[in-house]
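Each reported figure results from applying straightforward, stated rules to the coordinates on display, with no laboratory input. Treat the numbers as computed from the prediction; the structure is a model and nothing was measured. Cβ: placed from backbone, ideal geometry, glycine included. Neighbour counts: every protein chain shown.
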Ligand SMILES: [Zn+2]
């Protein structure tokens with residue numbers, strides 16, 4: 001359980017077990033227990049980050065686990081635009097040209113893929129999971145691809 | 001903003017169905033847990049699931065309101081009006097709950113007195129056991145869902161002052177009756 005996602009997955013499995021048990025309300029109690037602790041540790045992290053200042057917080061992000069915990073609590077020193085742009089740069093060698101069109105107030109992240117290497121569903125989900133990893137606050141990730149080029153042929157004549 | 005994984009624990013919980021965890025709105029239905037007569041918030045499909053009689057440990061709370069006509073609460077020996085009368089189980093005991101600093105105070109209703117009252121007004125036999133109550137104002141009776149009774153009891157408990165509840169509780173009870181009249 002070395003990532004917040006793995007811990008979250010385990011927590012959800014255990015809560016589901018309670019919900020299927022004799023009293024489904026125990027699942028809500030468990031939910032509240034987890035909320036209590038996550039918020040306590042989140043508040044602790046917030047104070048640590050505040051003390052360290054932006055530079056110190058950026059250094060903390062060298063550790064992937066710490067970085068993902070800062071993301072859980074909205075404490076990452078870089079904003080979503082910067083985080084997503086960097087993630088797209090890392091993806092380029094695998095998926096080709098990618099641009100961040102914008103992040104809506106509705107939490108939808110809009111991207112444009114040049115589509116030079118196609119944009120199948122596997123590639124889409126690769127892009128989406130990369131964006132979600134660095135921007136868990138994203139509600140949805142939309143990848144725009146250009147329409148296929150029309151083949152213009154001249155009529156003989 | 002919430003999101004996947006542990007992020008959902010960093011924000012206040014959204015209302016969820018207590019049976020299946022589906023997110024539900026602030027306005028939602030309830031089911032009654034027969035074991036301890038507590039209410040659980042329910043989504044529409046779960047509520048439907050427990051509408052069938054004898055559907056196990058939970059029973060869906062209906063949302064009908066009816067005016068049942070005249071009923072003399074005092075003839076029942078219920079010490080205070082208003083009071084809610086709920087049948088605990090089919091054909092079993094009748095329990096009256098009266099507003100009190102504890103939310104409600106319960107007392108058992110004399111079966112023979114109830115039978116006399118119901119003979120004069122057969123509509124009093126209308127409520128579904130456990131999930132529908134009769135609200136007795138002293139002179140009139142209304143059929144109300146038990147979740148409305150629980151909500152009123154909670155409001156009474158939080159505003160009770162002094163020996164008789166004070167003006168805030170009187171106002172609550174007046175508003176409740178006014179709301180009842182607009183629904184039937
Ligand atoms: Zn449900």
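Details
- Taking chain A and dividing mean pair separation by its residue count, relative contact order in percent (alpha carbons under 8 Å, at least six apart): 16 percent
- Two-site FRET efficiency, residue A:81 against residue A:41, from Cβ-Cβ distance with R₀ of 25 Å, rounded to 0.05: 0.40
- Taking every DSSP helix (H) stretch of at least 4 residues in chain B, weighting each as -39,500 (n - 2.57) and dividing the sum by the residue count yields a mean residue ellipticity at 222 nm of -8000 deg cm²/dmol.
- Per the Cα gyration tensor, region A:80-144 maps to an equivalent ellipsoid with semi-axes of 18, 12, 10 Å, ordered largest to smallest.
- Antiparallel DSSP beta bridges within region A:80-144, as percent of all bridges there, nearest 5: 50 percent
- Length-normalised contact order for region B:74-121 - Cα pairs under 8 Å, 6+ apart - percent: 34 percent
- Peptide B:9-18 has a mean of 4 when you count, residue by residue, the C-beta atoms of other protein chains within 10 Å of its C-beta.
- Just so you know, the Rg over Rh for region A:4-72 is 1.14, from Cα atoms, with Rh as the Kirkwood radius.
- Volume in Å³ per residue [convex hull over Cα atoms, computed for chain B]: 142 Å³
- Highest mean packing first, where packing is the average number of other Cβ atoms within 10 Å per residue, the peptides A:73-79, A:42-48 line up as A:73-79, A:42-48.
- Computed E for residue B:51/residue B:181 - FRET, C-beta separation, R0 35 angstrom, nearest 0.05: 0.85
- Tilt relative to chain A, helix A:25-60 - C-alpha long axis, 0 to 90 degrees, to 10: 70 degrees
- Stokes-Einstein D (µm²/s) once Rh is taken as the Kirkwood radius of region A:34-135 over alpha-carbon pairs, at 25 °C in 0.890 mPa s: 163 µm²/s
- Site pair residue A:51 and residue A:133 shows an inter-label distance of 3.1 nm when each label is modelled 7 Å from Cα along Cα→Cβ.
- Extension reserve of the residue A:59-residue A:105 stretch, reckoned as 0.36 nm per residue once the Cα distance is removed: 13.7 nm
- Calculated mean residue ellipticity at 222 nm for chain A: -19500 deg cm²/dmol, from DSSP H runs with n ≥ 4 weighted as -39500 (n - 2.57), summed, divided by the residue count and rounded to 500.
- Rounded to 10°, Cα long-axis angle of helix B:111-120 versus longest principal axis of chain B: 80 degrees
- The mean count of C-beta atoms from other chains within 10 Å of the C-beta of residues in B:146-159, rounded to a whole number, is 0.
- Chain B, relative contact order in percent, only Cα pairs under 8 angstrom and at least six apart counted: 19 percent
- Shielding score for A:12-20, defined as the mean number of other chain Cβ atoms within 10 Å: 1
- The calculated FRET efficiency for the pair residue B:174 and residue B:105, based on their C-beta separation and a Förster distance of 25 Å, comes to about 0.80.
- With Cα atoms, 0 to 90° folded angle of helix A:4-19 axis to chain A main axis: 60 degrees
- Each DSSP beta bridge with both residues in region A:1-155 is either parallel or antiparallel, and the antiparallel ones are about 50%.
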